[in-house]
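In what follows, a single structure is set out as structure tokens and then discussed.
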Amino acid sequence: MTAVLLALAILAPQRHILIDNATTTVTRVRFGRDAREAVHSNPFPLVILQLTPGDVDFAIADTRASGPREAGLVTFVAANTPYAVANAGTAPFNLITIALKPARAPAPASPPADAPPGITRTTLVDNADVRVVRVEFAPGGREPVHTHPNDLLTIQLTPGKVEILKDSRKTTGLRTAGFAQFLPRDADHAFASADTKMFEILSVSIK
């Protein structure tokens, strides 16, 4: 029995919670060699981000795909939908899961707006629960100070030196892939590039 329990522990993915509040739980999940989940469902919607590339066996409802998945791919799993993820290769990979809590205070996401110079936005998911946008910052790219009527989550996709203004506090630093930040609704904020190369951020507007 002890050997069986040890084997199951070795095969389980490793989870580290990054953010947990009334709106969302954001978790970094590492799938080592042979790590896998049992098929399960959640009573809440889930956004799954492929943070690092890997060979992934991904089953959602009656659909199953197995093979390489590039970093930056985003999958939306509706509430009460069975799914499972497994490592189909030999190298470990990392996911980030974004759980949208059903008791959160709902809010409409801001309508899409034209991107400022040096910034490119690509919408990946837009439904009743969430809008997920991939944002590319060229050197010198800068947002104006603005607010959203909804809570906002940002996740660094590729490393970069980022200037972040939140309310009256400004920070500048190198953000590694997977760096997550939560911005409550109606908070003044702005992101800008302080780097000499392009980087990408995932912007998650939680409705």
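When you check Ala35 against the structure, is it farther than 26 Å from Asp129 by Cβ, in contact with a Leu (Cβ under 8 Å, 6 or more places away or on another chain) and not assigned by TED's automatic domain parsing to the domain that holds Gln156, yes or no? In short, yes. Restricted to strands (runs of 3 or more DSSP E) entirely inside the stretch 1-101, those with at least 3 residues that are over 19 Å from the mean Cα position of the chain (by Cα) are 63-69. Per the listing Pro43, Pro106, the residue uniquely in contact (Cβ under 8 Å) with a residue 60 or more places away in the chain and under 22 Å from Ala128 (Cα atoms) is Pro106.
The values are calculated or read from the model by the stated rules, or taken from the named source; none is laboratory data. All figures in this text were calculated on a predicted structure; none of them were measured in a lab. Cβ sites come from the backbone with ideal geometry, for glycine too, and all protein chains shown count toward neighbours.
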